[in-house]
Structures are given as C-alpha cells and as structure tokens.
Amino acid sequence: MDTRTMDSVVSPSNRTYWNPDVDSDLLCVDVHQETHDVKTFTFVSDEGKHIAFSAGQYFAFDIETRDELETRCYSVSSSPLRTNAISITVKRVPGGTVSSWLHDNLAPGARMRASGPLGRFIRPAVANQKYLFLSGGSGITPVMSMARELGDAALPVDVIFLHAGRTPKDLVFREELSNLATRLKGFRLYFLPEDLSGEKSWSGLSGRISRELFQLIAPDLSQRVVMCCGPAPFMAAARKISAELGVPVENYIEESFDAAVIDDATLPLIEVVRNETFNVEFSKQGRTIEVGADQTVLSSAKKAGVKMPSSCSSGLCGTCKSKLASGMVDMKHSGGIRQREIDSGFFLPCCSKPLSDLVIER
Ligand code: FES
C-alpha cells in the first residue's frame, strides 16, 4: 500500500522562499503559445527564490499598459510541486486591453510586479478523496495546476476531469492532459467541445454540460468533491446539476472572487456619522463625486460612471488597488493588499469607506 501523502512528497529544504509580504518582482523567462488565442507565461522570482503556493491559488499582477496601471488576477497553471517558477495561462479576450497587452508585449526578460499567492480555491486535504474537476474555457488554469500536482506526486488518485471548450481547437492543454490520463492511474479525462467545427473526426463527447452527462461520466458523483472553474453560466449550471445529483453543498467548490466574507465584527473602531458625505476626487479623470460615509468608494464610483477596475468587490483580489493622494479611509480588506503597499499610500476602494474628503490617483 502506498502510504505517502502530499505533504511527504514536498521535501523541506534550505531553500529561500518568496515572502508575499516583502517580495513582488517576477521575471518572465518563457512564453508559450498553447492554442490560437491562449499563451502561457512563466516567471521566476527576480531573486531566485522558490515560490510556494497551493494548486488553485492566483497572483494579482500589476500591468502597465499604454497609459494605465491595471491589476489583474491570474490563477497559477503550473504545479505547486515545482516551486522554482510559476506559470499563468492567459486567453486573449477580444477587445481586452490587458490580455492583448500581455499577448503582444510580454516577453522573456520582462519584469512584473505581483502579489500573492491569494485565493481559497483549494482541494480539501482528505485522504482517498474522489474528485470531479470541471473547467470551462480558460477556467482550466487552477484545475490544471491541481492535475499537474497529482501527476508530479504520482500518488494514487480517483479523479474525473471534464474540460469544456468552444471547439476542439479551443481546448487548452489537450495533449498534456491526454498524456497525463495515459500515465496516471485513476485519472479519467473527458473533453467536451460545444461545437465540432474545424475537427475532421471526433469520437468523444460534445455539447454542453447536463444532468445526463454528469450521470454518464460520474455515476458516483454524490461521493465526489467537485472543483469547478469557468464562465459564470457554466459554473451556475454545474452548481445546479451537482446539487440535483446529491453533491452536498460543502463538496461543491468553485473559483469565485466573491468568496471573501467581510466580518462585521471587525467594523471600524472610528464611529462615523452615517449620513455624512465626502467629496472624492479622481484626479486623472478630472471627476469629483460625493460618497456617503456608509458607502464604499468603489460602489459610489461605479454608480457615477467613474472608471475603476474591479473584480471581487470584497478586498480579496487586489484588482481595484489605487493610490490615495490625500484623505483617510476606513478599509476592511481580506488580504488583497500588503502592509507595505498601505504604508506607501495605496488602498482598496472596494472595501473602503471615506472618513474625510479624498483625492484618488485614478
Ligand atoms: S475588487 Fe478585489 S480587492 Fe477590490
């Protein structure tokens, strides 16, 4: 009997590790074209440190496009057992400035700032656990990291991996996953293209996820932990079908930046007057809006049509990170910003309420 565990596979050593509180500089060392519109970018620590993370986690990257500093979160697609480097896999989104910039400009030798690892989309560490990994489109990245981890660890597994894409040529990591399914016992793989155009012959499944499909590939679904990442409608369908087929709610886990819960017990030490409003100036856009003391800066900015990047809206991902040129806020974040960034005047508008008039460099 194989008595090893995932912990025993990761051997402790005298390596120097990336410290999320201090380190932020990554060096791009490789760019690889995965499909016609997906590239993988591989990074090492600028100082040669190993980067520890859990499969399923992501990093928030500061990306300087032509005239904006944007923050975007990308799940790591590489194996957490290979800590010398991390890879992210990015689909070029039509009209998307950041993904297009990465595809067109990021090359080996470039340096980027990133914070992480972040996120809680992590497999429960339970012995002999059976899984259904479900991914749609570029949502494959965190579950690919999990699959690669299992492949590297060579431990016994019971995993069904279903990856859905638009057409066969959109299926990311098709060859690597097929090889993994050949060599890793207990790892069953299904591709699910929605449309078969461009493929001469296809003997596998096609269409969309459905109750019948889940019953076919995973008759024991109710005993499995479902790890799901993909577009919102894909996850909504997967969640509904999983529940109908008896997966307990705690065994259905999806990648969602809305997962953070702001704990009301940690509300401000400073009592604010609830009906007070403050002037909040966005210096680069030349806009000033009024924000109530009980409203977050992001929600008011959105209502007023002020441009501000955001994702989780709960202080977790770091996407909305902005420079506060003047004023005071009450910020209740969930790990999306580091202390040294706060010390340098940055804040997260999605989880910050004004305590005075503000000037924000946006
Ligand atoms: S939008 Fe995620 S931290 Fe603000």
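The values are calculated or read from the model by the stated rules, or taken from the named source; none is laboratory data. This structure is a prediction, so every number in the text was calculated from the model and none was measured. We place every Cβ from the backbone using ideal geometry, glycine too, and count neighbours over all the protein chains shown.
In the stretch 337-357, which residue that is over 16 Å from Ser310 (Cβ atoms) and touching a Pro at 6+ places or on another chain (Cβ under 9 Å) is farthest from the ligand (Cβ to nearest atom)?
Per the criteria, the residue is Leu355.
Restricted to the stretch 324-336, and to residues that are within 14 Å of the ligand (Cβ to nearest atom) and part of a strand (DSSP E or B), which residue is surrounded by the most Cβ atoms within 10 Å (Cβ to Cβ)?
Only one residue fits best here, namely Val329.
Can you give me the number of residues within the stretch 68-113 that are within 21 Å of Cys312 (Cα to Cα) and assigned to a helix (DSSP H, G or I)?
Residues in the stretch 68-113 being within 21 Å of Cys312 (Cα to Cα) and assigned to a helix (DSSP H, G or I): 3 in total.
Just to be sure I understand, how many residues within the stretch 278-307 are in contact with a strand residue (DSSP E or B) (Cβ under 7 Å, 6 or more places away or on another chain) and part of a loop (DSSP other than H, G, I, E, B)?
Here the count works out to 7.
Could you count how many residues in the stretch 63-95 are at pLDDT below 85 and not aliphatic (A, V, I, L, M)? Full working, then the answer.
Step one: of the stretch 63-95, the residues at pLDDT below 85 are 64-72, 95.
If we keep only those that are not aliphatic (A, V, I, L, M) too, we end up with 64-68, 70-72, 95.
Of the residues in that region, 9 qualify.
Yes or no: the stretch 308-321 includes at least one residue that is within 16 Å of the ligand (Cβ to nearest atom), more than 26 Å from the chain's Cα centre (by Cα) and not β-branched (Val, Ile, Thr).
no
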